[in-house]
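K.L.:
Input: one structure, supplied below.
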Amino acid sequence: MQVCPKLFFPSAQGSSDCNRRRALRSGVALVAPALLRVAALGVGGGVSRVVSAAGTPAAGGAGTPGACPSLLNHVFPRLQDDALVSLCGFAGKVLLVVYTASQCGFTPQYEGLERLHGRYAPRGLVILGFPSNDFGQQEPGTSQQIGEVCFNTYGVRFPMFAKTSVTGVSANPLHAELARVTGQAPRWNFHKYLVSRAGQPMTHYPSRVAPESRELVAAIEKALAVT
C-alpha cells in the first residue's frame, strides 16, 4: 500500500505531492544535474521558480536582504519534486541538519528523527535531511529510490532535499560553512548539526549520537527556549 505522508513543506500545488511521488517512482521525474549546481551556488540567472519553506512561490530569490541569516541564504531542490526551496523560509527556527543515506547501518535513525519532528516541530524545530553518497557510497540511488526509503519505509515528514555533496572541495556552501564554523566536517552518514534561531551553527553530533539521545534532546530544548 502506498504511503504518501503530508510533508512539512507541501507542494506548490498542494494535493499533487502524492502524484509527484508516483512519478518519481516510475522514473519520470529525477533530479537534474544542472539544478543541483544551481542549488549549490544559490539562486542565479535563469531560475524562474523558488518555493518558500511553506511550499509557495518565494519572492526575491533566496530571501529579502537583511532578513535572512547568511548561512541560510541558499536554495536546494527538494527530494519529492525538485522544486527549489529557499532556506531563508526557515529563518527563526531551530534547525537540525542531518546527512542521510539509505544503505547505512544508521539508516533506522530516520525513525528517531521523525519522532523528534513530531515532538518539537510545533515549538519551532525543523529537521533538514540531505542525502549524500559521500560516505561509503551508501546513497547511490535516484531521488525515486531515496524517496521510497525515507517517505514510504520510514514515513518521514520533515523536509528532505535532493542528493548533494557535503564534504571536500565539492561540498556546497551550506555544508562547507557548517564544517568551518563548528570546526568539524562530517565523517559519516547521519552526522548532525544544530543551528540556532539566529542562523548560527551551535554544535555538531556524530553518527553514533541517536536523535532521541539525552545529549541531543537537551541541546534542542535549550535552543528552543531562546526566542
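K.L.:
Please give the net charge around Ser102, taking every other residue with its beta carbon less than 11 angstrom from that of Ser102, where Lys and Arg add +1 and Asp and Glu add -1.
P.N.:
Working: positive: Lys163; negative: Glu139, Glu148.
Once all neighbours under 11 Å are counted, the net charge is -1.
K.L.:
Something else now. Under a crude label model (7 Å from the Cα following the beta-carbon direction), how far is Gln103 from Val226 in nanometres?
P.N.:
In this crude label model, Gln103 to Val226 measures out at 4.0 nm.
K.L.:
Sticking with this structure for a sec: For the stretch 62-172, give me the percentage of DSSP beta bridges that are antiparallel, rounded to the nearest 5 percent.
P.N.:
Working: 4 of 12 bridges.
If I count the DSSP bridges inside the stretch 62-172, around 35 percent turn out antiparallel.
K.L.:
Taking all protein chains together and a probe of 1.4 Å, list Asp81, Asp134 from the most accessible to the least accessible.
P.N.:
On the way: Asp81 30, Asp134 55 Å².
Ranked from most to least accessible, the order is Asp134, Asp81.
K.L.:
Sort the following peptides by mean Cβ neighbour count (other Cβ atoms within 10 Å, averaged over residues), highest first: 147-159, 118-130. Could the numbers behind the result be given before it?
P.N.:
Working: 147-159: 19.9, 118-130: 17.5.
For the peptides 147-159, 118-130, the packing ranking is 147-159, 118-130.
K.L.:
Could you work out the local net charge near Pro186, counting Lys and Arg as +1, Asp and Glu as -1, over the other residues with Cβ closer than 12 Å to its Cβ? Please list the in-between numbers first.
P.N.:
Values: positive: Arg187, Lys192; negative: Asp134.
Spelling it out: positives minus negatives among the neighbours equals +1.
K.L.:
Follow-up question, since we're still on this one. Starting from 0.36 nm per residue, how many nanometres of slack lie between Arg208 and Ala185 once their C-alpha separation is accounted for? Can you show the working numbers first?
P.N.:
Values: separation 23, 0.36 × 23 = 8.28 nm, distance 1.51 nm.
Full extension from Arg208 to Ala185 adds 6.8 nm.
K.L.:
Could I ask something else about it? Evaluate the distance, in nm, between pseudo-label points positioned 7 Å from the Cα of Ala121 and of Gln145 along their respective Cα→Cβ axes.
P.N.:
2.7 nm
K.L.:
Moving on to the next point. Is the stretch 81-227 rounded, prolate or oblate when judged by the Cα gyration tensor, a ≥ b ≥ c being the square roots of its eigenvalues, rounded requiring a/c under 1.5 and prolate requiring a/b larger than b/c?
P.N.:
Values: a/c = 1.41, a/b = 1.23, b/c = 1.14.
Taking the square roots of the gyration eigenvalues as a ≥ b ≥ c, the stretch 81-227 is rounded.
The values are calculated or read from the model by the stated rules, or taken from the named source; none is laboratory data. Just so it is clear, the model here is predicted, and its values are computed rather than measured. Ideal geometry is used to build each Cβ from the backbone, glycine not excepted, and the neighbour counts take in all protein chains shown. These area figures cover heavy atoms from the full protein model, side chains too; ligands, DNA and RNA do not enter into them. Shrake-Rupley method; radii C 1.70, N 1.55, O 1.52, S 1.80 Å.
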